[in-house]
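Trainee: Take this structure, written in structure tokens, and hold onto it; I'll ask about it next.
Values quoted throughout were computed directly from the atomic coordinates according to the rules given, and no laboratory measurement underlies them. Since we're looking at a predicted model, the values are computed, not measured. Reconstructed Cβ throughout: ideal geometry from the backbone, glycine too, with neighbour counts over all protein chains shown.
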Ligand SMILES: [Zn+2]
């Protein structure tokens with residue numbers, strides 16, 4: 001569901017955001033009890049992998065060169081394991097906080113100098129579809145950008161089949177808030193019954209100013225509301241970024257591009273608020289680097305890969321802020337008793 005909501009953390013947002021979202025806030029409060037009951041439906045599930053290998057070929061958004069990703073089923077407790085080919089055989093590493101090496105405009109993982117760029121849309125698809133165990137073999141140093149969204153990853157993985165495995169999937173349940181703040185940009189996670197994301201962006205651009213998203217992330221909402229949202233960029237930044245070795249593969253085929261006034265892609269937007277939805281997609285992908293599905297409420301304002309990954313690292317360093325559980329449903333949660341009374 002798409003609303004821009006005011007959560008407690010937004011108390012320290014600037015007035016412009018509060019003013020922007022205030023009109024819709026009552027939708028959220030009126031439905032609070034209904035939503036809370038629906039949030040209780042999370043139950044434990046078994047680990048999952050894919051039914052058969054899937055191969056993605058394309059170009060890298062940043063390298064501009066041909067690259068390839070081959071996914072293969074993996075046994076229980078493997079997690080997401082990258083095999084990056086660098087000419088001397090594969091370098092193997094897990095998709096976890098230690099693998100994060102760069103976060104400028106994309107999330108880059110690596111080990112011993114071998115890198116895999118732009119992992120976030122692919123990892124978001126795995127998180128959204130609840131794929132826990134998979135081998136991801138990468139050639140070309142970057143995950144193919146495809147159409148700039150997670151839609152192709154979702155469709156192809158669903159086509160390959162999602163297979164339930166023999167062991168329960170543990171979760172991370174947040175117990176106390178953890179936040180990363182940098183000026184007016186911040187991201188925070190706090191306890192909740194399910195994974196919920198509340199996100200506000202403000203690029204001050206004529207085509208889109210403030211946009212907000214608030215919703216519980218389930219497989220259904222991810223596939224319908226988030227996965228098709230494409231990455232975006234501004235024409236005025238293109239030359240400068242290309243000089244820095246970034247977005248060399250960027251085009252109207254794999255990104256929404258804006259000039260100083262409007263979107264220049266002929267096909268227009270997939271959603272009126274496609275920009276904030278894509279930021280949610282990036283956040284879900286970055287959170288997958290925790291290694292386990294997470295149950296908590298993530299709120300973000302003007303965040304990006306740098307803050308998202310710092311939140312992941314902060315959580316990993318703060319074991320008192322979360323617990324590892326096999327059943328994510330709340331235990332004797334008082335709010336549940338109240339709302340179901
Ligand atoms: Zn992205």
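Trainee: Defining a contact as two alpha carbons under 8 Å apart and six or more residues distant in sequence, what relative contact order in percent does the stretch 47-168 show? Intermediate values should be presented prior to the final figure.
Mentor: On the way: 276 pairs, mean separation 48.1, N = 122.
RCO, the stretch 47-168: 39 percent.
Trainee: Label points 7 Å out from Cα along the Cβ direction at residue 76 and residue 203: separation in nm?
Mentor: Going from the residue 76 label point to the residue 203 one covers 4.5 nm.
Trainee: With both bridge residues required to lie in the stretch 47-168, what share of the DSSP beta bridges run antiparallel, to the nearest 5%? Let's see the in-between values first.
Mentor: Working: 25 of 32 bridges.
Here the antiparallel bridges make up roughly 80 percent for the stretch 47-168.
Trainee: Give the peptides 238-249, 109-120, 139-150 in descending order of average Cβ contacts within 10 Å, highest first.
Mentor: 139-150, 109-120, 238-249
Trainee: Figure the gain on full extension for residue 158 and residue 55 (residue separation times 0.36 nm, minus the Cα-Cα span) and round it to one decimal in nm.
Mentor: Additional length available on full extension: 35.8 nm.
Trainee: Right, another one. Assuming R0 = 35 Å, what is the FRET efficiency of residue 323 and residue 185, from their Cβ-Cβ distance, to the nearest 0.05? The partial results should precede the final answer.
Mentor: Numbers: r = 28 Å, r/R0 = 0.81.
That pair, residue 323 with residue 185, gives E of 0.80.
Trainee: Sort 288, 196 by Cβ crowding within 10 Å, fewest neighbours at the top.
Mentor: Ranked by crowding around the Cβ, least crowded first: 196, 288.
Trainee: Distance in nm between label sites at residue 236 and residue 253, each 7 Å beyond Cα in the beta-carbon direction?
Mentor: 2.9
Trainee: So, one more: Listing 220, 225 from the residue with the fewest other Cβ atoms within 10 Å to the one with the most, what is the order? Kindly include the intermediate steps, with their values, before the conclusion.
Mentor: On the way: 220 10, 225 20.
So the ranking, lowest neighbour count to highest, is 220, 225.
Trainee: Next question. Only counting other Cβ atoms within 10 Å, I'd like 198, 318 sorted with the fewest neighbours first.
Mentor: Listing 198, 318 from fewest to most nearby Cβ atoms yields 318, 198.
Trainee: Compactness ratio of the stretch 47-168: Cα Rg over 2.2 N^0.38 Å, N = residue count?
Mentor: 0.98
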